[in-house]
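Chemist: Questions regarding the structure given below will be posed in turn.
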Amino acid sequence: MRLQIQRGHRWVTIDRDRTDARGRYALRGRLRQPTSARARVKTSSGATRVVGRLNVYRRALASWYGPGLFGNKLGCGGTLTTGSIGVANKHLPCGSKVTLRHRGRVLRVRVIDRGPYVGGREYDLTAATARKLGFSGHGPIQATR
């Protein structure tokens, strides 16, 4: 049995193993780079089954913004509203997808703005994104990029 993730238009094997007597599979290899990719299992007979998304997180410092800035233009186009879901990041291209995790909640969002402009922070969450994740103030979150 092989565990594969999708990279572009092809599938890459990241681990090979056998299932136990109950049909369970344990990932033995360790991915070192943060990533978020579709995952599938391929058996020796050639049968495949997509099992969902594999997320490998890293720690990142974040803050959130919104009140007082609603109605302003976003760095990637559009206007910031109370319901805008997304993050600001200085280095990722506009539209890049990032999976965020905080307190057991997971949310996949796009980069919609530039920032943050406070030293040491990598992400600025919009108010709606922070609310969905249960994030307040500033501090660590887990991110796939």
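The values are calculated or read from the model by the stated rules, or taken from the named source; none is laboratory data. Note that the structure is predicted; figures quoted are calculated from it, not measured. No Cβ is skipped: glycine too gets one built from the backbone with ideal geometry, and neighbour counts run over all protein chains shown. Keep in mind that these areas ignore ligands, DNA and RNA; they rest on the heavy atoms of the full protein, side chains included. Shrake-Rupley method; radii C 1.70, N 1.55, O 1.52, S 1.80 Å.
Chemist: Please identify, among VAL56, VAL109, VAL41, the residue showing maximal mean-square fluctuation in a Gaussian network model of the chain using a 10 angstrom Cα cutoff.
Modeler: Highest fluctuation among the options: VAL41.
Chemist: I'd like the carbon and sulfur percentage of the solvent accessible area for the chain, probe radius 1.4 Å, heavy atoms only, ligands and nucleic acids excluded.
Modeler: Using a 1.4 Å probe with all protein chains present, the chain comes out at 47 percent carbon and sulfur.
Chemist: Follow-up. Considering only DSSP states other than H, G, I, E and B, which chymotrypsin sites (Phe, Trp or Tyr not before Pro) in segment 73-145 qualify as loop sites with at most 11 other Cβ atoms within 10 Å?
Modeler: Counting only loop positions with at most 11 other Cβ atoms within 10 Å, the chymotrypsin sites (Phe, Trp or Tyr not before Pro) in segment 73-145 are TYR117.
Chemist: Provide the net charge surrounding ARG108, with neighbours chosen by a C-beta distance below 9 Å and charges set as Lys +1, Arg +1, Asp -1, Glu -1. Walk me through the numbers on the way to the answer.
Modeler: Working: positive: ARG53, LYS97, ARG110; negative: none.
The answer is +3.
Chemist: OK, next. Using θ = phi - 60° and the Karplus curve 6.51 cos²θ - 1.76 cosθ + 1.60, what whole-Hz ³J(HN,Hα) does each residue of segment 130-145 get, with Gly and Pro shown as x?
Modeler: Karplus-based 3J(HN,Hα) across segment 130-145 equals 4, 4, 5, 8, x, 9, 9, x, 9, x, x, 9, 10, 9, 8, 9 Hz.
Chemist: Now for a separate question. Return the long-range amide H neighbours of ASP15 (sequence gap of 5 or more, or a different chain), with a cut-off of under 5 Å between placed amide H atoms.
Modeler: LEU3
Chemist: Each residue of segment 68-76 in order: what ³J(HN,Hα) in whole Hz does its phi give by Karplus 6.51 cos²θ - 1.76 cosθ + 1.60, θ = phi - 60°, with x for Gly and Pro?
Modeler: Going residue by residue, I get x, 10, 4, x, 7, 6, 8, x, 9 Hz, with x marking Gly and Pro.
Chemist: Modelled label-to-label distance, ARG131 and TYR117, 7 Å Cα→beta-carbon offset: nm?
Modeler: 2.5 nm
Chemist: Averaged per residue, what accessible surface does the chain expose to a 1.4 Å probe, in Å²?
Modeler: That works out to 61 Å² for each residue.
Chemist: Pick out which of VAL87, VAL12, VAL111 has the largest mean-square fluctuation in a Gaussian network model of the chain, springs linking Cα atoms closer than 10 Å.
Modeler: VAL12
Chemist: Around HIS138, under 10 Å between beta carbons, what's the net of Lys plus Arg minus Asp minus Glu among the other residues? Please report the intermediate quantities before stating the final value.
Modeler: Details: positive: ARG121; negative: ASP124.
Its environment carries a net charge of 0.
Chemist: A follow-up question, please. Counting other Cβ atoms within 10 Å, keep those with at most 11, restrict to DSSP loop, and tell me which trypsin sites (Lys or Arg not before Pro) in segment 16-63 are left.
Modeler: Details: sites: ARG16, ARG18, ARG22, ARG24, ARG28, ARG30, ARG32, ARG38, ARG40, LYS42, ARG49, ARG53, ARG58, ARG59; in loops: ARG18, ARG22, ARG24, ARG28, ARG30, ARG32.
Passing both the DSSP loop test and the Cβ count: ARG18, ARG22, ARG24, ARG28, ARG30, ARG32.
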